[in-house]
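Here the structure is laid out as C-alpha cells; the discussion comes afterwards.
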Amino acid sequence: MTNKIKEYQQLEIAKRIRILRKVTELSQDELARKLGISQSTLSKYEKGKVGLTLEMAIKYSQIFEKRLAYIAFGGEQSEGP
C-alpha cells in the first residue's frame, strides 16, 4: 500500500472517530478517560497524526456501539460488534 493511500485511510478513520465523539457529545477528556489514554493522544488520533491500533479501534467500536468495520472502513453505521 502506498503512503498516500495509507495517509488517506488514516485521515478518514480520524474523521469518523471525531464525528462519533461529537455526535455523542463527549469531550476529548471524557473519551480519553474511557479509552484509557491521554487527551493529547486522542487529539493525535482525531487529527490523523497517529494511526489507530487494532486494540484501540476495538475500544472505539465498543464505546460507540459501532461495528469495527465501520471504524476502519466507513460505510453503514450499523451497531456493533
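Throughout, read-outs are computed from the coordinates displayed, never taken from laboratory work. Just so we're clear, the structure is a prediction, and the values are computed from it rather than from any experiment. Neighbour counts run over all protein chains shown; Cβ positions are idealised from the backbone, glycine included.
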Please list, in chain and number order, the residues 5+ apart from K66 or on another chain whose amide H is under 5 Å from its amide H, with Hs placed from the backbone.
G80
Only loop residues by DSSP count here, and only those with at most 13 other Cβ atoms within 10 Å; note down the GluC sites (Glu not before Pro) in the chain that meet that.
E25, E65, E76
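DSSP H helices in the chain with Cα extent of 27 Å or more along the helix axis and mean Kyte-Doolittle hydropathy at least 1.0?
Flagged H segments: there are none.
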Considering the alpha-carbon set of the chain alone, what are its Rg and its Dmax in angstrom?
11.9, 35
